[in-house]
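Bear in mind that the values in this text are calculations on the coordinates, not laboratory data. Computed from a predicted structure; not experimentally measured. Neighbour counts are summed over all protein chains in view; Cβ atoms, including those assigned to glycine, are modelled from backbone coordinates with ideal geometry.
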Amino acid sequence: MIRIEILSEEVFVSRGTSKDGRIFEFHKQEGFVHLGQKYPLRARIRIEPGKPYSPGNYTLAQSSFWVDRY
């Protein structure tokens, strides 16, 4: 199982303009991914605007993964 630990509700916002002139915005929250190794990996997890995860531990469900064409 993959466990993600969120320590803070702080959200990082990245903004930019695409090649075709559209404005975009990404909202991310920092967490630590525990993969069973000695140390967890720091990661920024993309979230929905205004919906940060509360501090705590989260386990990813099997349904979170799928295979696509790309």
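Given the Cα-Cα distance of F26 and E48 and 0.36 nm per residue of separation, how much length would full extension add, in nm? Provide the component values of the computation, followed by the final result.
On the way: separation 22, 0.36 × 22 = 7.92 nm, distance 0.85 nm.
Taking 0.36 nm per residue and subtracting the Cα distance, the gain is 7.1 nm.
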What do you get for trypsin sites (Lys or Arg not before Pro) in the chain restricted to DSSP loop and a cutoff of at most 14 other Cβ within 10 Å of the site's Cβ? K19, R22, K38, R69
Listed residues F12, F32, F24; largest mean-square fluctuation, Gaussian network over the chain with Cα springs below 10 Å, found at F24
If you take Cα Rg over 2.2 N^0.38 Å from the coordinates, which of (i) 1.32; (ii) 1.48; (iii) 1.54 do you get? (i)
